[in-house]
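Report on the following structure.
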Amino acid sequence: MLKLTPEDITLSAQAAGKVEAISLIADQLQADGMVEAGYREGMLTREQQTSTYLGNGIAIPHGTTDTRELVRETGLKVVRFPAGVEWGAGQTVYTAIGIAARSDEHLSILRQLTHVIADEQLAQRLHSCSGVEEVRAILSGEAKRGAFLLGADQVRMHSVATSYSELVALAGAILWNKQAIIQQDLISLYATPPQYLGEGVWLVAVASQADNGAAAVVQPAQPVSLYGNSLDVLIAISTHNDQHLPLLERLTELKLEGRLKVLAESRRALDVVRHLLVQKLDGQQLICPLPMSHGLHARPAANLARIAKGFEAEIWVENLDSDSPAVSARSVTKLISLGAQLGHRLQITAEGADAAAALATIGEAISAGLGDPVVRGFQQQAASEAVVVALESESVSAPVVRLQAGDTISGLTGAPGVAIAPAYVMSEPKFEFAHQAGPASAELARLQTAVAAVEEQLNKRLESTANTELAQIIAMHLELLLDPEMQQEAEQHVRRGDSAEWGWQQSFEALASVQEQSKELLLAERAIDIRDVGNRVLAQLTGQGGSDAIQTEHVLVCQEIAPSEISDLDLSKVRAVVTAAGGVTSHAAILARTLGIPLLVGCGPQVLTLEPGTPVIVDCDARTLKVAPDQAALDQARATMAREKALAEQAYASRFEPAVTTDGHHIEVMANLTAAKSVDKAIDHGCEGVGLFRSEFIYMDYPQEPTLEEQRAEYARVLDALGADRPLIVRTLDVGGDKPLPYMPIDKEENPFLGVRGIRLSLRYPETLKRQLHALLTAANGRLLRIMFPMVTDIHEWRALRAMFDEVVVDYPGSNIELGIMIEVPSAALMADIFAKEVDFFSIGTNDLTQYALAIDRGHPELSRQADSINPAVLRLIDMTVRAADRHGIWVGVCGELASDPHGAAILTGLGVKELSMSMRAIPRVKAHLRQLSMQAARDLAERALAADSSEAVRALPLLETDKLAGVRHG
Ligand code: PEP
Ligand code: MG
């Protein structure tokens with residue numbers, strides 16, 4: 001909570017209406033220098049957009065996103081209106097909290113207010129208490145009374161305690177820290193006999209005199225024996241009124257279901273809390289990542305609540321990335337209390353006649369940002385990952401039902417691809433070792449040897465891998481392994497008499513637990529990296545942990561997969577990986593994508609019930625796993641896969657053959673690069689040169705503009721690898737729009753894609769562009785190099801660029817450079833005949849050309865699917881460009897995504913495009929496809945495409961068989 005001083009609180013004010021009340025608060029914010037003039041208007045505008053009334057007589061007026069820039073200093077002003085102010089829709093405000101916030105503090109303030117908003121009595125105290133100190137205490141949560149607390153910070157995993165008394169002391173300390181226990185309660189806690197619930201779970205409870213109640217959960221690293229039973233988990237409760245009863249009910253439920261052991265088996269504190277909090281929810285579910293940068297604050301929450309109220313179904317929302325329980329979707333304050341931030345996964349459960357419709361509407365609304373702007377990248381993710389999991393009458397907390405033949409379960413696409421194979425469930429690595437060991441010096445030496453051995457393993461892997469992503473992950477693992485704090489902590493344990501294994505495990509588990517409690521999903525997902533490194537050392541120390549590798553082809557199923565496990569997979573045996581947990585942004589998912597292993601994540605615990613050897617179809621593109629499918633489904637999937645595989649293999653085997661049509665026309669097939677180091681891989685995929693080097697990625701790798709020498713080295717690396725016969729086309733810096741650069745700031749724009757982007761930005765930073773041209777010329781050093789400029793819209797821009805180039809090139813008389821422009825703005829296509837007189841070549845950027853021709857933001861959550869570059873309108877612009885180029889004797893290439901699509905590539909060939917540049921993986925397939933075509937067939941296809949009435953019609957166009965087979969291969 002932001003610090004509130006007495007000066008920020010006005011106990012009594014009067015206002016005739018909402019506008020006057022807001023003006024009064026705005027004046028206070030301005031008088032204190034928190035905001036500049038104009039913020040008041042922002043607050044009033046914001047109020048018109050949606051009321052900031054939160055409930056129980058509280059409102060939180062604040063400015064619009066646009067007026068955030070007027071905030072000089074984040075702060076609050078609390079103004080009470082004892083007579084009440086009419087806030088519209090029959091609501092009266094007694095306490096208004098004016099907020100001046102630049103960014104996300106706004107959200108955290110809201111979250112901290114939810115305890116007051118949800119508690120009528122506390123809200124009454126806020127409106128009527130007599131002193132500013134009490135107001136401050138209420139708002140900051142210090143005066144909160146009667147809560148029952150259970151969060152991940154109240155769970156201790158892998159505790160070193162070895163006896164009940166140590167465990168209960170630790171639980172007591174947790175309750176004490178939460179102010180949920182007073183001194184004499186502590187004595188009762190130690191004296192109360194614990195109760196055995198079964199399956200290793202013990203409960204001890206005291207009636208507390210403290211303000212709050214709370215639970216503490218302690219899981220010993222090694223089971224402790226108590227009265228002849230094993231103690232795997234101790235739950236200590238300080239009761240407060242009846243607020244602990246739901247927890248007891250939940251424990252009873254788990255006991256009756258025979259599932260108490262999930263508490264001992266949980267690897268993360270968050271999972272323990274979730275098991276203890278999750279209510280029984282029946283219905284259909286949808287999981288949807290939140291795509292808005294400011295998270296689920298009041299306005300989007302209000303929109304969500306409004307949508308939910310439009311349905312009869314009961315709708316609950318749970319934040320899977322926090323430890324709060326599911327809340328009703330109809331309550332704005334409860335929704336805010338979920339603390340959902342960008343990327344958090346919301347699980348929506350609906351039950352009732354219109355549940356399916358409710359989920360569909362809510363899923364769409366969340367993907368579209370619930371009225372807030374969505375973050376590029378997340379918006380597509382949100383749209384594509386919204387997965388409806390039909391649970392019928394099953395619930396997240398219901399006993400896990402064993403999967404049956406014919407079942408289909410859903411997950412999220414970690415990496416694309418399809419696989420059919422028997423499934424094998426891999427268990428978590430388990431290590432057995434003693435808690436205590438011999439002399440500390442010997443144990444320390446063992447630990448050092450094990451760490452050194454793992455360091456060597458990782459270094460060897462690092463040296464031997466050509467995969468950049470894998471190399472980055474290994475480098476990060478090396479950092480973790482050698483982290484001084486982690487090592488020191490382990491050594492301290494060992495010096496106290498613990499074994500090397502025990503000390504090391506305590507140390508890395510403590511670090512992993514802190515990491516996984518991070519509110520940032522991405523950071524929380526990195527906990528598995530810490531455990532991955534930690535377990536490597538444990539495996540080294542114990543000689544255990546290697547599971548028996550399955551010697552036949554299979555689908556690997558596991559709880560979660562670590563990056564090293566992915567990189568260690570025997571790809572000749574593992575066809576796909578399916579996980580119960582895990583996310584799409586994990587390192588394992590990044591690796592799976594680069595290694596081409598289909599990965600389906602987040603399938604839920606049910607997937608772990610698969611019998612060994614059960615045949616499954618994993619379709620990561622459709623995000624499903626089919627259990628023991630019938631013969632017809634298997635046959636169909638097998639036939640499709642076999643066809644795809646054979647085509648891909650044939651294409652790959654002949655990837656170095658040029659793309660020459662059956663009647664002898666050669667189409668140059670080139671690679672798109674984003675990093676110089678990928679050039680060797682591109683050559684190995686059969687590229688005949690680089691048709692688009694997106695140079696902005698060099699700039700993005702540096703916190704400041706890279707030096708001339710740094711830039712030169714990158715270009716030289718590519719030129720050297722390509723040699724004399726393979727051309728290189730470098731696109732000059734293309735930032736702005738979706739790719740901002742911190743050291744080339746631009747003002748915030750309403751429509752960045754229509755703003756200072758590409759060459760428009762470079763022309764504002766002429767010295768930077770000249771430095772880039774300089775670096776390119778020195779790298780080329782007389783060799784042929786093609787340079788092209790992005791986003792050129794009119795001839796004056798081109799001429800300014802040309803003049804700049806002429807200025808730089810004076811110093812390099814022997815230069816051999818061709819200059820071209822990208823055609824990615826419709827005006828450039830329409831004026832191609834004018835440009836063609838002055839440039840050496842055109843390269844068509846179909847991604848942007850499509851966005852601008854169809855007026856669809858290329859990242860729009862709903863519309864981007866319609867932005868298909870095969871649209872005849874785009875094809876006509878391409879046709880126009882090629883004709884103009886032909887008339888003036890220059891060549892045209894295409895470097896947008898359309899070139900990667902075999903059907904698109906055939907049409908482009910027919911339109912007269914001479915060079916196609918694409919992501920390297922697409923090269924073999926496109927080349928193979930073009931080799932089957934005659935130019936005549938391609939022209940005929942292009943002609944029909946130009947005449948078609950829609951993208952769908954173009955996609956459906958067949959190649960005419962007679963044409964396809966007519967040509968006799970020449971040359
Ligand atoms: C394009 O717009 O088609 C293109 C190749 O450029 P980028 O995708 O990098 O904007
Ligand atoms: Mg572009």
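The values are calculated or read from the model by the stated rules, or taken from the named source; none is laboratory data. As the structure is a prediction and not an experimental result, all values here were calculated from the model. Ideal geometry is used to build each Cβ from the backbone, glycine not excepted, and the neighbour counts take in all protein chains shown. Only protein heavy atoms, including side chains, enter the accessible area calculation; ligands, DNA and RNA are left aside. Shrake-Rupley method; radii C 1.70, N 1.55, O 1.52, S 1.80 Å.
No other residue among L877, L819 is crowded, with 17+ Cβ neighbours inside 10 Å and more than 16 Å from ligand 2 (Cβ to nearest atom) apart from L819. Confirm whether L741 is over 30 Å from T909 (Cβ atoms), within 16 Å of ligand 1 (Cβ to nearest atom) and exposed (fewer than 15 other Cβ atoms within 10 Å of the Cβ). In short, no.
Matching residues to (1) among the small types (G, A, S); (2) farther than 19 Å from F841 by Cβ; (3) touching a Ser or Thr at 6+ places or on another chain (Cβ under 6 Å); (4) within 16 Å of ligand 1 (Cβ to nearest atom):
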{"position": "D663", "(1), (2), (3), (4)": "no, yes, yes, no"}
{"position": "I667", "(1), (2), (3), (4)": "no, no, yes, no"}
{"position": "M670", "(1), (2), (3), (4)": "no, no, yes, yes"}
{"position": "T674", "(1), (2), (3), (4)": "no, yes, no, yes"}
{"position": "V679", "(1), (2), (3), (4)": "no, yes, no, no"}
{"position": "I698", "(1), (2), (3), (4)": "no, yes, no, yes"}
{"position": "L708", "(1), (2), (3), (4)": "no, yes, no, no"}
{"position": "R717", "(1), (2), (3), (4)": "no, yes, no, no"}
{"position": "D725", "(1), (2), (3), (4)": "no, no, no, no"}
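Looking across the stretch 929-946, the residues that are assigned to a helix (DSSP H, G or I) and open to solvent by 80 Å² or more (accessible area, probe 1.4 Å) come down to Q936, R939, E943. G686 passes every criterion in (1) away from ligand 1 (no atom under 16 Å from the Cβ); (2) within 30 Å of F805 (Cα to Cα) apart from (2). Listed here are the strands (runs of 3 or more DSSP E) enclosed by the stretch 600-675 that have at least 3 residues being out of contact with any helix residue (DSSP H, G or I) (no Cβ under 6 Å at 6 or more places or on another chain) and among the β-branched types (V, I, T): 614-619.
Any chance the stretch 871-893 includes a residue that's assigned by TED's automatic domain parsing to the domain that holds V735 and in contact with a His (Cβ under 9 Å, 6 or more places away or on another chain)?
First pass over the stretch 871-893, keeping only residues assigned by TED's automatic domain parsing to the domain that holds V735: 871-893.
From the residues that got through so far, the ones that are in contact with a His (Cβ under 9 Å, 6 or more places away or on another chain) too are none.
No, the stretch 871-893 contains no residue that is assigned by TED's automatic domain parsing to the domain that holds V735 and in contact with a His (Cβ under 9 Å, 6 or more places away or on another chain).
Give me the residue from the stretch 696-751 that is of a type in the set (A, V, I, L, M, F, W, C), away from ligand 2 (no atom under 16 Å from the Cβ) and part of a loop (DSSP other than H, G, I, E, B) and, out of that set, modelled with the lowest pLDDT. Ranking the qualifying residues of the stretch 696-751, first place goes to I746. Please determine whether any residue of the stretch 883-896 is at negative phi, within 16 Å of ligand 1 (Cβ to nearest atom), part of a helix (DSSP H, G or I) and open to solvent by less than 30 Å² (accessible area, probe 1.4 Å). No; the residues of the stretch 883-896 include none that is at negative phi, within 16 Å of ligand 1 (Cβ to nearest atom), part of a helix (DSSP H, G or I) and open to solvent by less than 30 Å² (accessible area, probe 1.4 Å).
Do we have L801 as in a strand (DSSP E or B), more than 16 Å from ligand 1 (Cβ to nearest atom) and among the aliphatic types (A, V, I, L, M) here? Answer is no for this residue. On the stretch given as the stretch 753-767, residues that are open to solvent by 10 Å² or more (accessible area, probe 1.4 Å) and either assigned to a helix (DSSP H, G or I) or outside the structural domain of M791 (by TED's automatic domain parsing) (or both) total 5.
In this structure, A775 does not satisfy being away from ligand 2 (no atom under 16 Å from the Cβ), open to solvent by 20 Å² or more (accessible area, probe 1.4 Å) and at pLDDT 95 or above.
Okay, residues lined up against (1) surrounded by 14 or more Cβ atoms within 10 Å (Cβ to Cβ); (2) within 36 Å of the chain's Cα centre (by Cα):
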residue	(1), (2)
T5	no, no
S12	no, no
A15	yes, no
K18	yes, no
A31	no, no
R46	yes, yes
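The single residue among I315, I307 that is at pLDDT 75 or above, β-branched (V, I, T) and open to solvent by less than 20 Å² (accessible area, probe 1.4 Å) turns out to be I315. Residue check: is Y852 within 16 Å of ligand 2 (Cβ to nearest atom) and open to solvent by 10 Å² or more (accessible area, probe 1.4 Å)? So Y852 fits the description; yes. In this structure, does D857 turn out to be closer than 30 Å to P291 by Cβ, modelled with pLDDT under 95, open to solvent by 10 Å² or more (accessible area, probe 1.4 Å) and within 16 Å of ligand 2 (Cβ to nearest atom)? Criteria met by D857.
Looking across the stretch 701-727, the residues that are surrounded by 17 or more Cβ atoms within 10 Å (Cβ to Cβ) and farther than 23 Å from G912 by Cα come down to E705, P706, Q711, R712, E714, Y715, A716, V718, L719, A721, L722. For beta carbons closer than 7 Å, sequence separation of 6+ or different chains, a first residue in the stretch 909-922 that is closer than 14 Å to I823 by Cβ and a second that is part of a loop (DSSP other than H, G, I, E, B), the qualifying pairs are S917/C895.
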